Amino acid sequence: MFSAGRDWLQAARASAVKDIRTALTERSTLVQSITLPVNYMIMMVLFVLAGAHDPVAVVMHDNGRYAQQFVAALARTRTCRLLIEDQAQARDQWRQGTLVAVITIPAGFDAAVSHGRPVQIPMAVNNLNEDLTHDAVWAARSAVTSFYAHVFPHQVSLVPAEHDQYPRDTGYVPFLALSVIVIALMVSGLLQAGTAAARDWEERTVKEQLLAPARPSAILAGQMAGAFAVSLPAAVAVVAAVVFVAGDHPAHLLMAAAVSLLTLATFVAAGTAAGTALKDRAAFVVLLRAIPVPLVFLSGLFGALGFQTAAVRDIASALPIHYAIVLEQFAFRGLRTGTAGLGADALIVTGFLVAFAALAALAHRLSRASAASPGA
Amino acid sequence: MTATAGLWPPALALHQVSKVYPPRRAWWWPPKTLGEPVTAVNELSLEVPPGVVFGLLGPNGSGKTTTINLITGLARATAGRVEVAGLDVRRHRREVLARLGTVPQETALLDDLTARDNLTFHAGLYLPGVPRRERAARIDAQLELAGLTERQSSRVGTFSGGMKRRLAIARQMMHDPELLILDEPTLGVDPQQCLIIWAYIRELATDRGKTVLVTTNNLAEAEALCDQVAIIDHGRLVTIGTPRGLRLTHGTTVLSVQLRTAGGVPGPALEALRQVTGVTGVTSQAHPTLGGTYTLTVTARGGSPAAAIATAVNGHGDLLDLTVREARLDEAFIALTGAATRD
């Protein structure tokens, strides 16, 4: 029994070392496995930054106390980047199309407000992109409410009484950063494992493994371990960027590490299954670029799954990435964004890992016949 | 047809083995099959005694590689039984694989890794329970045997075809298999490297007692290497024997007899030659400048009847010259499998 276990480990180790060494000599895969996850991270961050920083010019013809407080209320909405400009500057930029909106604080704003007279705040809106337009319009309306609630609290009888579920607010970028970690783990694991598995079939080196007296499970486990080891640096780089650059320190360090490793292992197993089934690196990479990212958008990337429609909830529930995001949100920030308990989420991700590994074994077994088919 | 050498258990035995590949099934609706079933191996029976180099010859598509796949268990026989050293391949696949060394046509080497890394990987899979130090010693020994010690740290992708073949064979020898299977061992290798590889294979059989099964289309290789050969075609065994036996039985020996006669056309000499055992044809041609001199061309099967021919023409003229061109294995091969291509 002991000897069988030792032999299994020896074969798994040989398989892992072979894949690690091969990957290290294959520069294109190595570069891709680092750059692709990082690219996704940069893409997502830019996406968020672009949405949260619509340039909106404020032209102040009145610099009184109320006018200043109104602009401060505008700034508190955090949906746009306010630029205080004079009229000429704002006009030039408007013509160049570099502004989403121009809000003008009219002369006599303070006097009108203090005497309770109605004030019209002119707002020119570039409706090129409806989403950005809505952000600017919403910011202006929200600023009016916020301004009155702060400056004339006795005049506003209807105010929201906010009770936070969590002790601290979470910014959109930090919230999304954790989803980005999961995307990076997914892309990195899938890419490395899938290309390694497909390479063996493409270059026919798989025959050496198929004709070995070692157990196929050992060879497969070794392959996965190799891919895991090679994709780990990319995963660590992305997690480090989130922790040290974005300053998003995990609330539960061990859990964050465990969830990240479990997620990476799950996608390594998925990549091994897909690479073995496809047997072609080019086809695998095309598939990798086409499928996972849309699925990520359906996995509770932008908010709690409970906020989504029923259809999105159903799709997300079938994807491991959703559960991984939920676990990362809890590990880093103590947020609960899933619909099941954390234990159930962890079990489901583990279940996916086992299922993908089983699929990889099945694909490997079925492929043995194809290695012997005419023309193979 | 079955070949039996009498030694038990044979290194390899195929008993009425067939392999039929079913037609492909369309993946779209409605379900249907595409093409016809392909019978790659058809009731093949064969026994290979231990310690010989055995050649499996046949035209392209004759079933050689499928036969290897059946022996290694990569393919499952539709009917019949394959045994290696008395072990049923289907029931004892892992034990059989431990006794086999298989070098496929494509060598299946890891081009991005060094020669040593390739052998180390193989050792990990094929040498369970062997301590690391002994594995390293075996790697050294195989590199030495393959003449690759100097290049052990070079990437295999930089090797010549011959070096790759030698490394592939060395790799499969590391676990000391009882039966070494070489699928087209000198495919794409230059003549100089061929000689080295042939010597290496012969050494494995004669000095180390290994049984070697070689598939090849190169009949010179079969003749140089093999103690026995089997010719298969359309998945069936056509014949089996020693290369010499096959070429003598199925090839044609051509004898050229130069005879000077006193009385013109050597009719009696021709008649006497036709009576010689094994002679299948005789033609004559007058020498263009030397009057009364004729060249008689005699074709024969079953070996060279040179002595009998010299005796037969005695008394019918002066025998000036007698040259013999031995029967060739390629002639025997074509005689047995036909000249039509299989593409």
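Working value for region B:12-242: equivalent-ellipsoid semi-axes of 30, 21, 18 Å, each the square root of 5 times a Cα gyration tensor eigenvalue, largest first. Computed on the Cα atoms alone, the convex hull of region B:1-102 gives a volume of 123 cubic angstrom per residue. Within the protein assembly as shown, antiparallel bridges make up roughly 60 percent of the DSSP beta bridges whose residues both belong there. A Gaussian network model of chain A, with springs between Cα atoms under 10 Å, assigns the largest mean-square fluctuation among A:Ile84, A:Ile219, A:Ile42 to A:Ile84. With a 10 Å cut-off around each Cβ of B:66-75, the average count of Cβ atoms from other chains is 4.
D by Stokes-Einstein for the protein assembly as shown, Kirkwood Rh over Cα pairs, 25 °C, 0.890 mPa s: 76 µm²/s. Per-residue shielding of B:125-134, expressed as the average number of other chain Cβ atoms within 10 Å of the residue Cβ, stands at 5.
Taking the square roots of 5 times each eigenvalue of the Cα gyration tensor of chain A, largest first, gives ellipsoid semi-axes of 55, 22, 16 Å.
Beyond 22 Å, what share of the Cα-Cα pairs of region B:226-336 is found? Please give it as a whole percent. Every Cα pair in region B:226-336 considered, those over 22 Å come to 40 percent. The charge dipole of the protein assembly as shown, taken about its Cα centre with unit charges on the Cβ atoms of Lys, Arg (+1), Asp and Glu (-1) only, comes to about 960 debye. If R0 equals 56 Å, the separation of the Cβ atoms of A:Gln96 and A:His154 corresponds to a calculated FRET efficiency of about 0.80. The smallest convex shape that holds all Cα atoms of region A:258-363, its convex hull, gives 98 Å³ per residue.
Counting only other chain Cβ atoms within 10 Å of each residue's Cβ, the peptide A:13-26 averages 4. Candidate cross-link partners of B:Lys210 among the lysines, defined by an alpha-carbon separation under 16 Å and a same-chain spacing of 8 or more, are absent.
Comparing A:Ile103, A:Ile34, A:Ile325 in a Gaussian network model of chain A, where Cα atoms under 10 Å apart are tied by springs, the biggest mean-square fluctuation is seen for A:Ile103.
The GNM of chain A, with springs linking C-alpha atoms under 10 angstrom apart, assigns the highest mean-square fluctuation among A:Asp54, A:Asp19, A:Asp62 to A:Asp62.
Here the Kirkwood formula puts the hydrodynamic radius of region A:66-148 at 13.4 Å, using every distinct Cα pair.
Apply the a/c threshold of 1.5 to the C-alpha gyration tensor of region B:147-229 and tell me whether it is rounded, prolate or oblate. Oblate, because a/c is 1.5 or more while a/b does not exceed b/c.
Taking Cα centre as origin and charging only the Cβ of basic (Lys, Arg, +1) and acidic (Asp, Glu, -1) residues, the dipole magnitude of region B:183-260 rounds to 380 debye. Taking N as the residue count of region A:136-275, its C-alpha radius of gyration divided by 2.2 N^0.38 Å amounts to 1.70.
Once you reduce region B:134-209 and region A:130-162 to the center of their Cα atoms, the two points are 81 Å from each other. For region A:53-151, the dipole from Cβ point charges (+1 on Lys and Arg, -1 on Asp and Glu) about the Cα centre works out to 220 debye, to the nearest 20. Packing around the peptides A:255-264, A:145-154, taken as the average count of other Cβ atoms within 10 Å per residue, puts them in this order, highest first: A:255-264, A:145-154.
Read-outs throughout are calculated quantities, based only on the coordinates presented, and are distinct from any laboratory measurement. This one's a predicted model, so the numbers in the text were calculated from it and none came from an experiment. Methodologically, a virtual Cβ is constructed for each residue, glycine included, from the backbone with ideal geometry; neighbour enumeration extends over all protein chains shown.
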